[in-house]
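If you scroll down you'll find the structure; I have some questions about it.
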Amino acid sequence: MEETKPNSDCNVIVNPNGPLMVIGRIDIKHADGRIENKEKTTAFCRCGASANKPFCDGSHRKIEFIG
Ligand code: FES
C-alpha cells in the first residue's frame, strides 16, 4: 500500500505549477559557501523566473509556469 502522508522530520512537497516546498529544519549551502538555516517552511523556485534564487518569489504566477 502506498504511503500518502509524509512522515519524516523534513518533508518536500512539489506544488503544482509552483515552488518546491521544504518543510522542516534545513541548512542551505549557497553557491558562495554561505550557510543559511531555515526552521519552518522554505519555498524553492522550480520555474527559473525568481529574482531571489534559490527561493521562490512568486514570479511563477507572472510567467504562468506549468510543471
Ligand atoms: S517557482 Fe515561484 S518563482 Fe519560480
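Lysine pairs in the chain with alpha-carbon atoms under 24 Å apart, 8 or more places apart or on different chains: how many are there?
Numbers: LYS5/LYS38; LYS5/LYS40; LYS29/LYS38; LYS29/LYS40; LYS29/LYS53; LYS38/LYS53; LYS40/LYS53; LYS53/LYS62.
Here the count comes out as 8.
Might you work out the accessible area of CYS56 for me, using a 1.4 Å probe with all protein chains in place, and round it to the nearest 10 Å²?
40
State in Å² the accessible area per residue of the chain; use a 1.4 Å probe, count heavy atoms of protein chains only, and round to the nearest integer. Please list the in-between numbers first.
Values: 5090 Å² over 67 residues.
Roughly 76 Å² per residue, with all protein chains present.
Shifting gears a bit: Just how many % of Cα pairs in region 11-62 lie over 16 Å apart, if you round to the nearest whole percent? Kindly include the intermediate steps, with their values, before the conclusion.
Working: 556 of 1326 pairs.
In whole percent, the long-distance tail amounts to 42.
Counting only helical runs of four or more DSSP H residues, what would the 222 nm mean residue ellipticity of the chain come to if each run contributes -39,500 (n - 2.57) and the total is spread over all its residues?
On the way: 1 runs with 4 residues, N = 67.
So the calculated ellipticity at 222 nm is -1000 deg cm²/dmol.
The values are calculated or read from the model by the stated rules, or taken from the named source; none is laboratory data. Please read these numbers as outputs of a predicted model, since none were measured by experiment. Each accessible area value is taken on the protein alone, full model and side chains, heavy atoms only, with ligands, DNA and RNA left out. Shrake-Rupley method; radii C 1.70, N 1.55, O 1.52, S 1.80 Å.
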